[in-house]
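What follows is a single structure, written as structure tokens, with notes after it.
The values are calculated or read from the model by the stated rules, or taken from the named source; none is laboratory data. Only a predicted model underlies this, so the values are computations on that prediction, with no experimental measurement involved. A quick note on method: Cβ atoms are made from the backbone with ideal geometry, for glycine too, and the neighbour counts reach across all protein chains shown. Heavy atoms of the whole protein, side chains included, go into the accessibility calculation; ligands, DNA and RNA do not. Shrake-Rupley method; radii C 1.70, N 1.55, O 1.52, S 1.80 Å.
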Amino acid sequence: MLTLHHLNDSRSQRILWLLEELGLPYETKRYQRNAETRLAPPELTKIHPLGKSPVITDGDATIAESGAIVDYIIRRYGKGAMMPAPGSADYEAYNEWLHYSEGSAMLPLMLNLYVSRLKEAGAPLHPRIDSELANHLGYVDGALKGRDFFVGPSLTGADIQMSFVGEMAKVFRKLDPYPNLAAWLGRMHARPAFQRSIEKGGPYRFA
């Protein structure tokens, strides 16, 4: 059976959401962050050398990286759902969003997190970080103007993958200037499958 190795308050929440959207049978093995360091427990290194989540195991396959997991699950088990037809223009946009989430959008958000911990020492870096946040969040907000979803008329893996970007922007109180992104995130969190993913995965402070 497909197994998700789920770490609380992590990117693996969106994999739980995807599994619930597709209605797939799966097993969840839960791991808790260290309350002081917020790091994943060492047990995760037994599943994947990086010791991070999400990771899925499916038979002999072990797959890390959120985008790769979303792509694998939808291609293997989606039966044509939650992705545009390969070769279509929508598919190329879909594939771009899958990569964009972690390849570009998350970088300034993570820099904001780590540099903020430096307090005054990090102050010189904030103007550049804020500029990049505005660049990326503005781009995402513009892409959602007049749209319910990132690609096409229904939910796809692009929405699943981009959810963590919206959640981090909300946590850092950066969403106010971006009403399209804020409204989209609210719609995603209101979906029954997302609510079930919280029930299955435990408290999620980014929801």
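Evaluating residue 119 against the criteria (1) modelled with pLDDT under 95; (2) open to solvent by less than 10 Å² (accessible area, probe 1.4 Å) leaves one unmet condition, (2). Hey, any hits in the stretch 28-37 for a residue that's in contact with a Leu (Cβ under 9 Å, 6 or more places away or on another chain), buried (at least 17 other Cβ atoms within 10 Å of the Cβ) and in a helix (DSSP H, G or I)? Checking the stretch 28-37: not a single residue is in contact with a Leu (Cβ under 9 Å, 6 or more places away or on another chain), buried (at least 17 other Cβ atoms within 10 Å of the Cβ) and in a helix (DSSP H, G or I). Does residue 57 satisfy the criteria of being loosely packed, with under 13 Cβ neighbours inside 10 Å, farther than 18 Å from residue 165 by Cβ, modelled with pLDDT of 95 or more and polar (S, T, N, Q)? No; evaluated as a whole, the condition is false for this residue. Here residue 56 meets each of (1) in a helix (DSSP H, G or I); (2) touching a His at 6+ places or on another chain (Cβ under 9 Å) with one exception, condition (1). Tell me yes or no: at least one residue of the stretch 99-109 is modelled with pLDDT under 95 and out of contact with any Cys (no Cβ under 6 Å at 6 or more places or on another chain). Within the stretch 99-109, none of the residues are modelled with pLDDT under 95 and out of contact with any Cys (no Cβ under 6 Å at 6 or more places or on another chain).
Among the residues of the stretch 135-152, those that are part of a helix (DSSP H, G or I) and either open to solvent by 10 Å² or more (accessible area, probe 1.4 Å) or in contact (Cβ under 8 Å) with a residue 60 or more places away in the chain (or both) comprise 135, 136, 138, 139, 141, 142, 143. Once the stretch 73-102 is narrowed to residues that are of a type in the set (Ser, Thr, Tyr) and either surrounded by fewer than 17 Cβ atoms within 10 Å (Cβ to Cβ) or on the phi > 0 side of the Ramachandran plot (or both), the residue that is farthest from the chain's Cα centre (by Cα) is 88.
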